[in-house]
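The values are calculated or read from the model by the stated rules, or taken from the named source; none is laboratory data. Model, not experiment: these values are computed from the prediction. Don't worry about glycine lacking a Cβ; one is built from the backbone with ideal geometry, like all the others, and counts go over all protein chains shown. Note: accessible area is taken over every heavy atom of the protein model, side chains too, but ligands, DNA and RNA are not part of it. Shrake-Rupley method; radii C 1.70, N 1.55, O 1.52, S 1.80 Å.
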Amino acid sequence: MGGWGRRRQTLGLVLSGGGARGAFHVGVYERLLADPRFAAGPAVLSGTSAGAINAALIAAGKTPAEMMQFWQRIADDPPVAASDVFFRDVARRLVRLGFEEAVRWLSTTQAVRTFLWRARNHLPPRRGGLLALWVEYLLTERGRDFRPVLWALLAWGNKHFAPEGASVVIVDRATGAPADPVLVDRLSGRVLAEPAFRSAAGPAADERTRRRHEGERA
């Protein structure tokens, strides 16, 4: 903005997304209009999600007060309603998970040991700590599949971007010996590395992708 006085410039306004942030944009836009350099408004508008709605309102010539009225009407009378099916499904799942958790606590000492292990992280007691003790985050199958990839990325970062030494390493749980994470082919057990392996077009690849990978094979 410091160079506006030296030459004529086209002003643009980029508005990000983010739900409630849409209402916050209005105050910022109002403040910008109070600046003489922005009094004519933006010549170019761009927005994402809630920002796109505000960009459309500005393009339609709405004032900040009118834009705020729009967001207040949205808050007072939302255009969508909660799904009864969704909440019934959530309730059923909570009951089922609660029953399964109760059975797990009664049938094994693992749950108690895990609870006591987590309790160490909440000493001395803090506000909200009691609730956090009972909340356990478990990886889904997708997350478990991704963990080895993260370990390989960690090893790559330690090798190339930690000249002072690694702050986190992967170790054998039983022996404590450091591990050297790599990606391997599950079928053959071989390390995934060139030139033994390459990328290839998959069954859903379009013609352009197939041609590119055919060229790589040649």
Review point. Taking the stretch 161-179, which residues are within 23 Å of ASP145 (Cα to Cα) and of a type in the set (Asp, Glu)?
Key: ASP172
Point to revise | Pairs where the first residue, in the stretch 41-57, is at negative phi and modelled with pLDDT under 90 and the second is open to solvent by 60 Å² or more (accessible area, probe 1.4 Å) and among the small types (Gly, Ala, Ser), C-beta under 6 Å, 6+ apart | key: none
Point to revise | Answer residue from the stretch 64-111, given it is open to solvent by less than 60 Å² (accessible area, probe 1.4 Å) and farther than 19 Å from GLY18 by Cα and is farthest from the chain's Cα centre (by Cα) among those | key: THR108
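Is it fair to say GLY61 is over 26 Å from the mean Cα position of the chain (by Cα) and not in a helix (DSSP H, G or I)?
On the way: over 26 Å from the mean Cα position of the chain (by Cα): yes; not in a helix (DSSP H, G or I): yes.
The answer is yes for GLY61.
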Exercise for review: Could you please find all residues in the stretch 180-201 being under 14 Å from PRO148 (Cβ atoms), out of contact with any helix residue (DSSP H, G or I) (no Cβ under 8 Å at 6 or more places or on another chain) and assigned to a loop (DSSP other than H, G, I, E, B)?
Suggested key: ASP185, ARG186, GLY189, LEU192
Practice item. Could you run through the stretch 18-40 and say how many residues are open to solvent by less than 100 Å² (accessible area, probe 1.4 Å), under 28 Å from the mean Cα position of the chain (by Cα) and modelled with pLDDT of 85 or more? Key: 5
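With a cut-off of at least 3 residues that are at pLDDT 85 or above, name the helices (runs of 4 or more DSSP H) lying wholly within the stretch 82-140. If you could, list the steps in order and put the result at the bottom.
Details: elements: 84-107, 110-119, 129-134.
Here the list reads 84-107.
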